[in-house]
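Comments concern the structure below.
The values are calculated or read from the model by the stated rules, or taken from the named source; none is laboratory data. As the structure is a prediction and not an experimental result, all values here were calculated from the model. Here the Cβ is made from the backbone with ideal geometry for all residues, glycine too, and neighbour counts use every protein chain on show. Accessible surface areas use protein heavy atoms only, side chains included; no ligands, DNA or RNA. Shrake-Rupley method; radii C 1.70, N 1.55, O 1.52, S 1.80 Å.
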Amino acid sequence: MPETTEIIRISDPAAEASEIERAGQILREGGLVAFPTETVYGLGGNALLPESSRRIYAAKGRPSDNPLIVHIAETEELFSLAAEVPQLALTLAGAFWPGPMTLILKKSRAVPGQTTGGLDTVAVRLPSHPVARALIKAAGVPIAAPSANSSGRPSPTTAEHVVEDLFGKIDMIIDGGESDIGLESTIIDLTGEKPELLRPGFISEQAVTEVIGSVEKDPSILAVPAEGTAPRAPGMKYRHYAPAADMYLVSGEKEKVREKIRLLVSEAGSRGEKPAVICASQDEGCFEGAAVFSVGSAEDEREIAHRLFSVLRETDKAGVDIIFAEMLGGEQLDLAIKNRMLKAAGYKVIEV
Ligand code: TXA
Ligand code: MG
(Lines give C-alpha, C1' and ligand atoms only; values in the text may rest on other atoms or scores of the structure.)
(Ligands and ions follow the chains in the order given, each with its own letter.)
Protein backbone atom coordinates (compact mmCIF):
# COMPACT_ATOMS: atom_id res chain seq x y z
CA MET A 1 0.00 0.00 0.00
CA PRO A 2 1.36 3.49 -0.86
CA GLU A 3 2.44 5.68 2.07
CA THR A 4 0.19 8.49 0.97
CA THR A 5 -1.94 9.52 -1.97
CA GLU A 6 -0.76 12.42 -4.10
CA ILE A 7 -3.53 14.66 -5.42
CA ILE A 8 -2.87 16.72 -8.55
CA ARG A 9 -5.20 19.02 -10.44
CA ILE A 10 -5.21 18.93 -14.24
CA SER A 11 -7.62 20.88 -16.38
CA ASP A 12 -5.60 21.10 -19.59
CA PRO A 13 -3.52 17.97 -20.24
CA ALA A 14 -1.47 19.69 -22.97
CA ALA A 15 -0.40 22.44 -20.57
CA GLU A 16 0.49 19.90 -17.91
CA ALA A 17 2.23 17.28 -20.04
CA SER A 18 4.96 16.53 -17.52
CA GLU A 19 2.41 15.77 -14.77
CA ILE A 20 0.50 13.48 -17.15
CA GLU A 21 3.80 11.76 -18.05
CA ARG A 22 4.53 11.17 -14.37
CA ALA A 23 1.03 9.73 -13.77
CA GLY A 24 1.44 7.55 -16.89
CA GLN A 25 4.71 6.20 -15.54
CA ILE A 26 3.12 5.28 -12.19
CA LEU A 27 0.49 3.29 -14.11
CA ARG A 28 2.96 1.61 -16.46
CA GLU A 29 5.02 0.48 -13.48
CA GLY A 30 2.06 -1.10 -11.69
CA GLY A 31 0.80 1.73 -9.44
CA LEU A 32 -2.80 2.97 -9.13
CA VAL A 33 -4.03 6.36 -10.34
CA ALA A 34 -7.65 7.59 -10.11
CA PHE A 35 -8.61 9.84 -13.02
CA PRO A 36 -11.60 11.71 -14.41
CA THR A 37 -13.67 10.38 -17.30
CA GLU A 38 -16.80 11.83 -18.91
CA THR A 39 -18.95 9.24 -17.06
CA VAL A 40 -17.51 8.84 -13.54
CA TYR A 41 -14.01 8.76 -12.02
CA GLY A 42 -12.05 5.57 -12.75
CA LEU A 43 -9.45 3.77 -10.62
CA GLY A 44 -6.70 2.96 -13.13
CA GLY A 45 -4.07 0.25 -13.19
CA ASN A 46 -1.98 -1.39 -15.94
CA ALA A 47 -4.48 -3.83 -17.53
CA LEU A 48 -1.69 -6.16 -18.66
CA LEU A 49 -0.20 -6.70 -15.19
CA PRO A 50 -2.04 -9.22 -12.98
CA GLU A 51 -0.54 -7.51 -9.92
CA SER A 52 -2.13 -4.15 -10.83
CA SER A 53 -5.57 -5.71 -11.12
CA ARG A 54 -5.07 -7.47 -7.80
CA ARG A 55 -4.26 -4.09 -6.25
CA ILE A 56 -7.38 -2.51 -7.75
CA TYR A 57 -9.60 -5.18 -6.17
CA ALA A 58 -7.84 -4.71 -2.82
CA ALA A 59 -8.15 -0.89 -2.85
CA LYS A 60 -11.87 -1.02 -3.71
CA GLY A 61 -12.62 -3.98 -1.45
CA ARG A 62 -14.21 -5.50 -4.56
CA PRO A 63 -14.79 -9.24 -5.12
CA SER A 64 -12.21 -10.41 -7.65
CA ASP A 65 -14.77 -12.27 -9.81
CA ASN A 66 -16.13 -8.87 -10.90
CA PRO A 67 -14.29 -8.01 -14.15
CA LEU A 68 -12.71 -4.63 -14.91
CA ILE A 69 -13.23 -2.41 -17.96
CA VAL A 70 -10.07 -1.90 -20.05
CA HIS A 71 -9.62 1.68 -21.29
CA ILE A 72 -7.79 2.48 -24.51
CA ALA A 73 -6.76 5.69 -26.31
CA GLU A 74 -7.15 4.54 -29.95
CA THR A 75 -9.61 2.10 -31.56
CA GLU A 76 -6.72 0.08 -33.10
CA GLU A 77 -5.80 -1.15 -29.62
CA LEU A 78 -8.91 -3.34 -29.77
CA PHE A 79 -7.05 -5.71 -32.05
CA SER A 80 -4.45 -6.60 -29.43
CA LEU A 81 -6.98 -6.96 -26.58
CA ALA A 82 -9.66 -8.96 -28.41
CA ALA A 83 -9.19 -12.42 -29.94
CA GLU A 84 -11.55 -11.37 -32.74
CA VAL A 85 -13.07 -8.01 -33.60
CA PRO A 86 -16.49 -8.46 -35.24
CA GLN A 87 -17.73 -5.86 -37.72
CA LEU A 88 -20.44 -4.87 -35.22
CA ALA A 89 -17.72 -3.77 -32.79
CA LEU A 90 -16.13 -1.54 -35.39
CA THR A 91 -19.53 -0.10 -36.32
CA LEU A 92 -20.33 0.73 -32.68
CA ALA A 93 -16.83 2.07 -32.08
CA GLY A 94 -17.15 4.24 -35.19
CA ALA A 95 -20.46 5.65 -33.97
CA PHE A 96 -19.80 6.09 -30.24
CA TRP A 97 -16.05 6.24 -29.55
CA PRO A 98 -14.54 8.19 -28.01
CA GLY A 99 -17.42 8.16 -25.55
CA PRO A 100 -19.47 6.40 -22.86
CA MET A 101 -19.80 2.99 -24.53
CA THR A 102 -18.18 -0.28 -23.40
CA LEU A 103 -17.95 -3.30 -25.70
CA ILE A 104 -17.55 -6.90 -24.50
CA LEU A 105 -15.48 -9.12 -26.82
CA LYS A 106 -13.61 -12.45 -26.64
CA LYS A 107 -10.32 -11.65 -24.95
CA SER A 108 -6.87 -12.19 -26.43
CA ARG A 109 -4.05 -13.87 -24.52
CA ALA A 110 -2.52 -10.47 -23.82
CA VAL A 111 -5.22 -9.76 -21.22
CA PRO A 112 -4.63 -11.58 -17.92
CA GLY A 113 -7.52 -13.43 -16.29
CA GLN A 114 -7.03 -11.28 -13.16
CA THR A 115 -8.25 -8.27 -15.16
CA THR A 116 -11.35 -10.05 -16.51
CA GLY A 117 -12.43 -11.71 -13.28
CA GLY A 118 -11.51 -15.07 -14.75
CA LEU A 119 -13.77 -14.65 -17.81
CA ASP A 120 -12.59 -15.34 -21.36
CA THR A 121 -14.16 -12.06 -22.48
CA VAL A 122 -12.91 -8.51 -22.05
CA ALA A 123 -14.75 -5.18 -21.66
CA VAL A 124 -13.16 -2.31 -23.63
CA ARG A 125 -13.91 1.40 -23.66
CA LEU A 126 -12.35 4.45 -25.32
CA PRO A 127 -13.26 7.44 -23.13
CA SER A 128 -13.66 10.95 -24.50
CA HIS A 129 -12.40 12.92 -21.49
CA PRO A 130 -9.17 14.68 -22.59
CA VAL A 131 -7.37 13.94 -19.32
CA ALA A 132 -8.30 10.24 -19.51
CA ARG A 133 -7.10 9.93 -23.10
CA ALA A 134 -3.86 11.80 -22.46
CA LEU A 135 -3.18 9.61 -19.43
CA ILE A 136 -3.77 6.33 -21.30
CA LYS A 137 -1.48 7.55 -24.10
CA ALA A 138 1.19 8.57 -21.61
CA ALA A 139 0.99 5.19 -19.87
CA GLY A 140 1.53 3.44 -23.19
CA VAL A 141 -0.49 0.45 -21.99
CA PRO A 142 -4.25 -0.23 -21.76
CA ILE A 143 -5.68 0.87 -18.41
CA ALA A 144 -8.04 -1.30 -16.37
CA ALA A 145 -10.40 1.03 -14.51
CA PRO A 146 -13.50 0.29 -12.49
CA SER A 147 -15.37 3.23 -11.00
CA ALA A 148 -13.14 4.75 -8.29
CA ASN A 149 -15.45 4.10 -5.31
CA SER A 150 -15.24 1.59 -2.48
CA SER A 151 -17.18 -1.48 -3.55
CA GLY A 152 -20.93 -0.96 -3.08
CA ARG A 153 -20.83 2.84 -2.66
CA PRO A 154 -22.19 5.24 -5.29
CA SER A 155 -19.76 5.86 -8.17
CA PRO A 156 -17.64 9.02 -7.75
CA THR A 157 -18.38 12.04 -9.92
CA THR A 158 -15.81 14.35 -8.28
CA ALA A 159 -12.24 13.96 -7.04
CA GLU A 160 -13.53 14.66 -3.49
CA HIS A 161 -15.70 11.52 -3.71
CA VAL A 162 -12.58 9.53 -4.65
CA VAL A 163 -10.68 11.05 -1.71
CA GLU A 164 -13.53 9.95 0.63
CA ASP A 165 -13.25 6.33 -0.50
CA LEU A 166 -9.66 5.71 -1.57
CA PHE A 167 -7.28 8.22 0.05
CA GLY A 168 -4.27 6.36 1.46
CA LYS A 169 -5.04 3.25 -0.60
CA ILE A 170 -3.77 4.37 -4.04
CA ASP A 171 -0.79 6.30 -5.40
CA MET A 172 -2.41 9.30 -7.05
CA ILE A 173 -5.72 11.06 -7.67
CA ILE A 174 -6.01 13.37 -10.68
CA ASP A 175 -8.65 16.03 -10.05
CA GLY A 176 -10.13 17.07 -13.39
CA GLY A 177 -13.33 18.62 -12.08
CA GLU A 178 -16.83 17.17 -12.04
CA SER A 179 -17.72 14.31 -14.40
CA ASP A 180 -19.94 15.60 -17.15
CA ILE A 181 -22.39 12.68 -17.44
CA GLY A 182 -22.47 11.24 -13.92
CA LEU A 183 -23.60 7.67 -14.80
CA GLU A 184 -21.35 4.85 -15.97
CA SER A 185 -20.99 3.80 -19.61
CA THR A 186 -23.50 1.79 -21.65
CA ILE A 187 -22.27 -1.83 -21.87
CA ILE A 188 -22.98 -3.94 -24.99
CA ASP A 189 -22.00 -7.61 -25.07
CA LEU A 190 -20.98 -8.72 -28.56
CA THR A 191 -19.90 -12.26 -27.66
CA GLY A 192 -23.32 -13.92 -27.96
CA GLU A 193 -25.49 -14.62 -30.99
CA LYS A 194 -27.15 -11.22 -30.74
CA PRO A 195 -25.78 -8.00 -29.26
CA GLU A 196 -27.05 -7.53 -25.72
CA LEU A 197 -27.36 -4.45 -23.54
CA LEU A 198 -25.93 -5.37 -20.14
CA ARG A 199 -25.89 -1.94 -18.50
CA PRO A 200 -27.85 1.10 -19.70
CA GLY A 201 -25.98 4.41 -19.78
CA PHE A 202 -25.87 7.80 -21.43
CA ILE A 203 -25.94 6.19 -24.90
CA SER A 204 -29.53 5.00 -25.06
CA GLU A 205 -30.90 1.71 -26.34
CA GLN A 206 -32.56 3.72 -29.11
CA ALA A 207 -29.27 5.31 -30.18
CA VAL A 208 -27.69 1.85 -30.33
CA THR A 209 -30.54 0.30 -32.34
CA GLU A 210 -30.36 3.17 -34.82
CA VAL A 211 -26.80 2.09 -35.59
CA ILE A 212 -26.92 -1.74 -35.41
CA GLY A 213 -30.60 -2.72 -35.41
CA SER A 214 -32.17 -4.43 -32.42
CA VAL A 215 -30.37 -5.34 -29.19
CA GLU A 216 -31.39 -7.82 -26.52
CA LYS A 217 -31.68 -6.53 -22.98
CA ASP A 218 -30.44 -8.22 -19.82
CA PRO A 219 -33.70 -8.68 -17.80
CA SER A 220 -31.91 -7.76 -14.55
CA ILE A 221 -31.66 -4.12 -15.70
CA LEU A 222 -35.13 -3.38 -14.31
CA ALA A 223 -36.01 -6.40 -12.20
CA VAL A 224 -34.50 -8.41 -9.39
CA PRO A 225 -32.53 -11.23 -11.02
CA ALA A 226 -34.61 -14.43 -10.75
CA GLU A 227 -33.40 -16.97 -8.19
CA GLY A 228 -30.54 -19.02 -9.61
CA THR A 229 -29.87 -16.76 -12.60
CA ALA A 230 -26.94 -14.38 -12.72
CA PRO A 231 -26.92 -11.05 -14.53
CA ARG A 232 -24.62 -11.17 -17.56
CA ALA A 233 -22.42 -8.35 -16.22
CA PRO A 234 -21.14 -9.93 -13.01
CA GLY A 235 -20.86 -6.52 -11.33
CA MET A 236 -24.60 -5.98 -11.65
CA LYS A 237 -25.31 -8.76 -9.12
CA TYR A 238 -23.78 -6.93 -6.20
CA ARG A 239 -25.58 -4.38 -4.02
CA HIS A 240 -24.52 -1.24 -5.74
CA TYR A 241 -24.57 2.52 -5.76
CA ALA A 242 -26.11 2.11 -2.36
CA PRO A 243 -26.47 4.79 0.29
CA ALA A 244 -25.84 3.75 3.89
CA ALA A 245 -29.52 4.11 4.87
CA ASP A 246 -32.28 1.79 3.70
CA MET A 247 -33.84 3.27 0.56
CA TYR A 248 -37.36 2.84 -0.88
CA LEU A 249 -38.59 4.04 -4.27
CA VAL A 250 -42.14 5.31 -4.60
CA SER A 251 -43.59 5.00 -8.08
CA GLY A 252 -46.90 6.04 -9.66
CA GLU A 253 -48.96 9.12 -10.41
CA LYS A 254 -47.20 12.31 -9.21
CA GLU A 255 -49.69 13.56 -6.62
CA LYS A 256 -50.16 10.05 -5.17
CA VAL A 257 -46.39 9.63 -4.91
CA ARG A 258 -46.10 12.90 -2.97
CA GLU A 259 -48.94 11.89 -0.63
CA LYS A 260 -47.46 8.45 0.01
CA ILE A 261 -44.02 9.88 0.75
CA ARG A 262 -45.53 12.42 3.17
CA LEU A 263 -47.22 9.54 5.00
CA LEU A 264 -44.04 7.43 5.05
CA VAL A 265 -42.05 10.41 6.38
CA SER A 266 -44.49 10.99 9.21
CA GLU A 267 -44.55 7.27 10.11
CA ALA A 268 -40.74 7.19 10.17
CA GLY A 269 -40.73 10.29 12.38
CA SER A 270 -43.08 8.66 14.88
CA ARG A 271 -40.80 5.64 15.02
CA GLY A 272 -38.02 8.04 16.05
CA GLU A 273 -36.16 7.61 12.74
CA LYS A 274 -34.57 10.42 10.75
CA PRO A 275 -36.08 10.26 7.22
CA ALA A 276 -34.76 11.70 3.98
CA VAL A 277 -36.56 12.32 0.70
CA ILE A 278 -34.94 12.32 -2.73
CA CYS A 279 -37.10 14.14 -5.25
CA ALA A 280 -37.32 16.42 -8.26
CA SER A 281 -36.69 20.12 -7.59
CA GLN A 282 -40.37 20.84 -8.32
CA ASP A 283 -41.31 18.90 -5.16
CA GLU A 284 -38.60 20.23 -2.85
CA GLY A 285 -41.05 22.13 -0.65
CA CYS A 286 -43.50 19.23 -0.22
CA PHE A 287 -41.96 17.17 2.53
CA GLU A 288 -41.96 18.64 6.00
CA GLY A 289 -40.19 16.64 8.68
CA ALA A 290 -37.63 15.12 6.33
CA ALA A 291 -34.17 16.07 5.09
CA VAL A 292 -34.96 16.84 1.44
CA PHE A 293 -32.48 16.28 -1.42
CA SER A 294 -33.34 17.55 -4.87
CA VAL A 295 -31.67 15.80 -7.82
CA GLY A 296 -32.73 18.47 -10.27
CA SER A 297 -35.69 19.38 -12.40
CA ALA A 298 -38.05 16.57 -13.43
CA GLU A 299 -37.80 18.09 -16.91
CA ASP A 300 -34.02 17.77 -17.10
CA GLU A 301 -32.93 14.13 -17.36
CA ARG A 302 -29.29 15.09 -17.87
CA GLU A 303 -29.24 16.97 -14.58
CA ILE A 304 -30.86 14.03 -12.77
CA ALA A 305 -28.27 11.63 -14.21
CA HIS A 306 -25.49 14.07 -13.39
CA ARG A 307 -26.52 14.55 -9.74
CA LEU A 308 -27.94 11.20 -8.66
CA PHE A 309 -24.77 9.57 -7.27
CA SER A 310 -23.67 12.81 -5.65
CA VAL A 311 -27.04 13.13 -3.88
CA LEU A 312 -26.83 9.53 -2.63
CA ARG A 313 -23.49 10.43 -1.05
CA GLU A 314 -25.02 13.57 0.50
CA THR A 315 -27.65 11.43 2.26
CA ASP A 316 -24.79 9.41 3.79
CA LYS A 317 -23.20 12.59 5.13
CA ALA A 318 -26.52 13.78 6.58
CA GLY A 319 -26.68 10.57 8.64
CA VAL A 320 -30.32 9.76 7.85
CA ASP A 321 -31.91 6.43 8.82
CA ILE A 322 -34.31 5.83 5.95
CA ILE A 323 -34.71 7.28 2.45
CA PHE A 324 -37.87 7.62 0.36
CA ALA A 325 -37.24 8.55 -3.26
CA GLU A 326 -39.57 9.55 -6.04
CA MET A 327 -38.97 7.14 -8.94
CA LEU A 328 -37.50 9.48 -11.53
CA GLY A 329 -36.72 8.94 -15.18
CA GLY A 330 -36.61 10.73 -18.49
CA GLU A 331 -36.67 9.89 -22.17
CA GLN A 332 -33.25 8.94 -23.54
CA LEU A 333 -31.90 8.29 -20.04
CA ASP A 334 -35.01 6.64 -18.57
CA LEU A 335 -33.58 3.11 -18.43
CA ALA A 336 -30.22 4.27 -17.05
CA ILE A 337 -31.73 6.47 -14.32
CA LYS A 338 -34.31 3.85 -13.25
CA ASN A 339 -31.66 1.10 -13.25
CA ARG A 340 -29.36 3.08 -10.91
CA MET A 341 -32.24 4.10 -8.61
CA LEU A 342 -33.50 0.49 -8.40
CA LYS A 343 -30.04 -0.79 -7.53
CA ALA A 344 -29.50 1.92 -4.93
CA ALA A 345 -32.80 0.88 -3.34
CA GLY A 346 -32.05 -2.83 -3.59
CA TYR A 347 -35.11 -3.02 -5.96
CA LYS A 348 -37.52 -2.02 -3.14
CA VAL A 349 -40.41 -0.24 -4.88
CA ILE A 350 -43.69 0.95 -3.38
CA GLU A 351 -46.28 1.30 -6.16
CA VAL A 352 -49.12 3.77 -5.51
O1 TXA B 1 -18.22 4.51 -17.30
C2 TXA B 1 -17.62 3.50 -16.93
O3 TXA B 1 -17.77 2.40 -17.52
C4 TXA B 1 -16.69 3.60 -15.72
C5 TXA B 1 -15.53 4.52 -16.10
C6 TXA B 1 -14.46 4.57 -15.05
O7 TXA B 1 -15.02 4.16 -17.36
N8 TXA B 1 -16.23 2.31 -15.30
C9 TXA B 1 -17.04 1.41 -14.65
O10 TXA B 1 -16.42 0.25 -14.26
O11 TXA B 1 -18.22 1.63 -14.42
P12 TXA B 1 -17.04 -0.75 -13.18
O13 TXA B 1 -15.96 -1.74 -12.93
O14 TXA B 1 -17.52 -0.01 -12.01
O15 TXA B 1 -18.21 -1.47 -13.91
C16 TXA B 1 -17.92 -2.42 -14.90
C17 TXA B 1 -19.09 -3.30 -15.18
C18 TXA B 1 -19.34 -4.31 -14.07
O19 TXA B 1 -20.74 -4.47 -13.88
C20 TXA B 1 -18.70 -5.57 -14.65
O21 TXA B 1 -19.25 -6.73 -14.14
C22 TXA B 1 -18.98 -5.40 -16.14
O23 TXA B 1 -18.78 -4.04 -16.37
N24 TXA B 1 -18.02 -6.15 -16.96
C25 TXA B 1 -16.69 -5.93 -17.10
N26 TXA B 1 -16.12 -6.86 -17.87
C27 TXA B 1 -17.11 -7.68 -18.27
C28 TXA B 1 -17.15 -8.86 -19.07
N29 TXA B 1 -16.06 -9.37 -19.63
N30 TXA B 1 -18.35 -9.46 -19.25
C31 TXA B 1 -19.48 -8.95 -18.68
N32 TXA B 1 -19.48 -7.86 -17.90
C33 TXA B 1 -18.33 -7.23 -17.68
MG1 MG C 1 -18.62 0.49 -10.40
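The share of accessible area on the chain that comes from carbon and sulfur is 50 percent, using a 1.4 angstrom probe. Rounded to whole numbers, the Karplus 3J(HN,Hα) couplings from phi for region 22-37 are 5, 5, x, 5, 4, 5, 4, 8, x, x, 10, 10, 8, 9, x, 10 Hz, using 6.51 cos²θ - 1.76 cosθ + 1.60 with θ = phi - 60°, and x at Gly and Pro.
With q set to 0.12 Å⁻¹, the log10 of I(q)/I(0) for the chain, from the Debye formula over equal scatterers at the Cα positions, is -0.84. Debye-formula intensities of region 235-331, expressed as log10 I(q)/I(0) at q = 0.21 Å⁻¹, are -1.08 (one equal scatterer per alpha-carbon, no solvent).
For region 174-198 versus region 207-221, the inter-centroid distance based on Cα atoms is 13 Å. What percentage of all Cα-Cα pairs in region 148-274 are separated by more than 27 Å? Percentage above 27 Å: 43. With contacts taken as Cα pairs under 8 Å at a separation of at least 6 residues, the chain carries a relative contact order of 19 percent. A straight Cα-to-Cα reach below 29 Å connects LYS343 with the lysines LYS60, LYS106, LYS107, LYS169, LYS194, LYS217, LYS237, LYS254, LYS256, LYS260, LYS274, LYS317, residues fewer than 8 places away in its own chain not being considered.
Label-to-label distance for SER281 and ASP300 is 0.4 nm, based on points extended 7 Å past Cα in the beta-carbon direction. As I understand it, the value is the acute angle between the Cα axis of helix 87-96 and the longest principal axis of the Cα atoms of the chain; what does it come to in degrees, rounded to 10? Taking Cα atoms only, the helix is inclined about 60 degrees.
Are there GluC sites (Glu not before Pro) in region 10-82 that DSSP puts in a loop and that have at most 13 other Cβ atoms within 10 Å, and which ones? It would help to have the intermediate numbers written out before the result.
Values: sites: GLU16, GLU19, GLU21, GLU29, GLU38, GLU51, GLU74, GLU76, GLU77; in loops: GLU16, GLU29, GLU38, GLU74.
Here the sparse-neighbourhood loop sites are GLU29, GLU74.
Note on LYS254: accessible area is roughly 140 Å² with a 1.4 Å probe, heavy atoms of protein only.
Rounding to the nearest 10 and keeping the result within 0 to 90°, find how far the Cα-based axis of helix 334-344 lies from the longest principal axis of the chain. So the inclination is approximately 80 degrees. Put ARG9, ARG199 in order of accessible area, highest first, and with a 1.4 Å probe you get ARG9, ARG199.
Normalised per residue, the accessible area of the chain is 40 Å², obtained with a 1.4 Å probe and no contribution from ligands, DNA or RNA. Among beta bridges identified by DSSP and lying wholly in the chain, the antiparallel ones come to about 35 percent. Each residue was assigned an accessible area with a 1.4 Å probe, and for ASP300 the value is about 60 Å². Checking the a/c ratio against 1.5 first, then a/b against b/c, what shape does the Cα gyration tensor give for region 1-139? Oblate, because a/c is 1.5 or more while a/b does not exceed b/c. The packing ranking, built from the mean of other Cβ atoms within 10 Å per residue, places the peptides 209-221, 275-287 in the order 275-287, 209-221, highest first.
Gain in length, VAL349 to GLU273, computed as 0.36 nm per residue apart minus the alpha-carbon separation, to one decimal in nm?
Details: separation 76, 0.36 × 76 = 27.36 nm, distance 1.98 nm.
Difference between extended and current length: 25.4 nm.
In the elastic network of the chain, a GNM with C-alpha springs shorter than 10 Å, the most mobile of PRO225, PRO156, PRO127 is PRO225.
Here ASP246 and SER18 are evaluated by their C-beta separation; at R0 = 35 Å the FRET efficiency comes out at 0.15.
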